[in-house]
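Undergrad: Take a look at this one; I'll ask things after.
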Amino acid sequence: MKKYSKYAIILTGALLAGTSVFGAGSFVVSATSKTQEEIDQAEDERDRLEEELDKTQENLDAMEGKRDNLKKELDYLNTQMASVVSNLEELEEQIHIKEQEISDTQAALEEAKAKEEWQYASMTAIMRRLYEQQEDSYLTTLLATGSLGDFLNMADRIEKVAAYDQKMLQEFKDNRILIEENEARLQKERTELEGLQTRAEEERDKVSGLISQTSGAIAQYGDQISVAEQRALEYEAEIKKKEEDLEYLRQKLAQEIAMSQAAANGTWRDISEVSFAEGDRYLLANLIYCEAGGEPYEGKVAVGSVVMNRVLSGEFPDTVVGVIYQSRQFSPVGSGRLDLALATGMANDDCYRAADAAMSGITNVGNCVFFRTPIEGLSGINIGGHVFY
């Protein structure tokens with residue numbers, strides 16, 4: 001990690017000499033060799049912690065990469081599952097239709113069998129009557145009919161009735177055979193569909209298992225990312241504590257106050273002159289979440305106002321991205337928390353509303369370009385748990 005800037009080193013030397021680099025009325029402190037030793041030790045400790053932060057960030061990047069790959073795999077599996085389910089639903093519908101066709105065919109078959117039995121019974125009755133009539137002589141039949149023509153006509157009618165009955169019986173038999181063949185075909189098709197349904201259900205269960213397994217892996221990486229984030233927060237808190245407990249904090253404050261005064265006295269742009277890039281709102285909202293997620297809405301607007309004040313001031317970068325990623329300005333950038341917030345979209349509605357307000361030119365901290373947790377001897381605008389100066 002980087003050491004102090006040249007300006008900070010000059011300032012440290014001036015402090016050790018008991019002098020001021022800011023002129024009359026500036027923030028003047030004195031220091032001893034012991035203080036310098038403590039500063040050196042704190043610097044080494046801070047570097048160690050920042051190295052740990054770098055390792056944590058690398059782990060976060062690796063885990064997020066693996067999680068993103070798993071999410072892509074999960075999207076593919078979900079698409080595959082949707083296709084399998086759709087195919088399964090189509091097969092179930094086809095089976096339902098086929099079962100209805102089989103049911104209708106079976107009903108038609110029963111009707112055909114009933115007609116065949118009825119026709120057979122009718123023919124049997126006619127044939128029985130004809131055999132019974134064979135006991136009468138042709139003469140008796142002739143006398144009964146009255147004439148030979150009537151007898152021949154009656155014989156002709158009997159023959160035609162018998163032929164018609166034979167024809168109808170054959171038609172009923174053929175129809176029954178046709179229906180039975182159709183039923184057998186439908187039963188075979190239903191069996192094939194049920195086989196396809198079984199394979200589709202097996203595929204669905206397989207994909208479902210893969211989805212559960214992948215979702216579990218994603219959740220596991222989510223837990224690991226949460227642990228890494230907590231570790232980053234702890235490192236960040238340790239770094240802040242080291243800076244607050246030692247003389248380095250006074251040097252940093254002196255620099256920030258000087259920069260704040262320079263910004264106040266320098267040139268400023270109007271908000272209408274700022275050209276926002278795509279993603280600026282998302283970036284600012286997530287920084288606000290990291291810096292003031294637990295603060296009231298006014299505290300969130302104040303953090304957003306500091307960022308926009310820097311964009312408008314000639315002493316800082318002139319873009320939202322440039323301001324936020326300026327070296328050693330916002331601790332969530334160095335700790336990796338901002339990257340995590342951006343990757344997971346942690347910003348809530350209040351953060352977005354605060355970002356919109358700040359980007360529209362609204363400020364509730366005047367021209368302040370710095371903020372921090374309050375410490376003794378630092379005055380400014382106090383909002384929530386921060387002092388703005």
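The values are calculated or read from the model by the stated rules, or taken from the named source; none is laboratory data. This one's a predicted model, so the numbers in the text were calculated from it and none came from an experiment. Using ideal geometry, Cβ is built from the backbone for each residue, glycine included, and neighbour counts are taken over all protein chains shown. Calculation scope for accessible area: heavy atoms of the full protein, side chains included, ligands and nucleic acids excluded. Shrake-Rupley method; radii C 1.70, N 1.55, O 1.52, S 1.80 Å.
Undergrad: Which residues, taken from region 362-378, are in contact with a Leu (Cβ under 9 Å, 6 or more places away or on another chain) and either under 9 Å from residue 309 (Cα atoms) or acidic (Asp, Glu) (or both)?
TA: 367
Undergrad: Residues of region 278-316 being open to solvent by 40 Å² or more (accessible area, probe 1.4 Å) and either aromatic (Phe, Trp, Tyr) or more than 19 Å from residue 349 (Cα to Cα) (or both), which ones?
TA: Within region 278-316, 282, 289, 297, 314, 315 meet the criteria.
Undergrad: For the condition under 30 Å from residue 85 (Cα atoms) and more than 26 Å from the chain's Cα centre (by Cα), what is the one hit in 187, 255, 261?
TA: 187
Undergrad: I would also like to ask the following. Report, by residue number, each residue of region 324-336 that is surrounded by fewer than 23 Cβ atoms within 10 Å (Cβ to Cβ) and either in contact with a strand residue (DSSP E or B) (Cβ under 6 Å, 6 or more places away or on another chain) or in a helix (DSSP H, G or I) (or both).
TA: Matches in region 324-336: 324, 331, 332, 333, 334.
Undergrad: Then there is this: State all residues of region 365-389 that are part of a loop (DSSP other than H, G, I, E, B) and open to solvent by less than 50 Å² (accessible area, probe 1.4 Å); if no residue qualifies, say none.
TA: Scanning region 365-389 gives 365, 366, 368, 369, 370, 375, 378, 380, 385, 389.
Undergrad: Is it the case that region 256-275 has a residue that's among the hydroxyl-bearing types (Ser, Thr, Tyr), open to solvent by less than 40 Å² (accessible area, probe 1.4 Å) and either in contact with a helix residue (DSSP H, G or I) (Cβ under 6 Å, 6 or more places away or on another chain) or at pLDDT 75 or above (or both)?
TA: Yes.
Undergrad: Being surrounded by fewer than 13 Cβ atoms within 10 Å (Cβ to Cβ), closer than 19 Å to residue 108 by Cα and of a type in the set (Val, Ile, Thr) is the filter here; which residues of region 165-212 pass it?
TA: If the condition is that a residue be surrounded by fewer than 13 Cβ atoms within 10 Å (Cβ to Cβ), closer than 19 Å to residue 108 by Cα and of a type in the set (Val, Ile, Thr), then 177 is the only one that fits.
Undergrad: Determine, yes or no, whether residue 319 is over 25 Å from residue 271 (Cα atoms), hydroxyl-bearing (Ser, Thr, Tyr) and open to solvent by 10 Å² or more (accessible area, probe 1.4 Å).
TA: Judged against the criteria, residue 319 is not a match.
Undergrad: Those residues that are among the hydrophobic types (A, V, I, L, M, F, W, C) and either without any contact (Cβ under 8 Å) to a residue 12 or more places away in the chain or open to solvent by 70 Å² or more (accessible area, probe 1.4 Å) (or both), I need them from region 213-235; list them, please.
TA: The answer is 219, 227.
Undergrad: Restricting to region 345-364, name every residue that is assigned to a helix (DSSP H, G or I), touching a residue at least 40 places away in the same chain (Cβ under 8 Å) and open to solvent by 40 Å² or more (accessible area, probe 1.4 Å).
TA: Selection gives 350, 352, 353, 356.
Undergrad: Would you check if residue 253 is of a type outside the set (Ser, Thr, Tyr) and either in contact with a Ser or Thr (Cβ under 9 Å, 6 or more places away or on another chain) or modelled with pLDDT of 90 or more (or both)?
TA: It is false that residue 253 is of a type outside the set (Ser, Thr, Tyr) and either in contact with a Ser or Thr (Cβ under 9 Å, 6 or more places away or on another chain) or modelled with pLDDT of 90 or more (or both).
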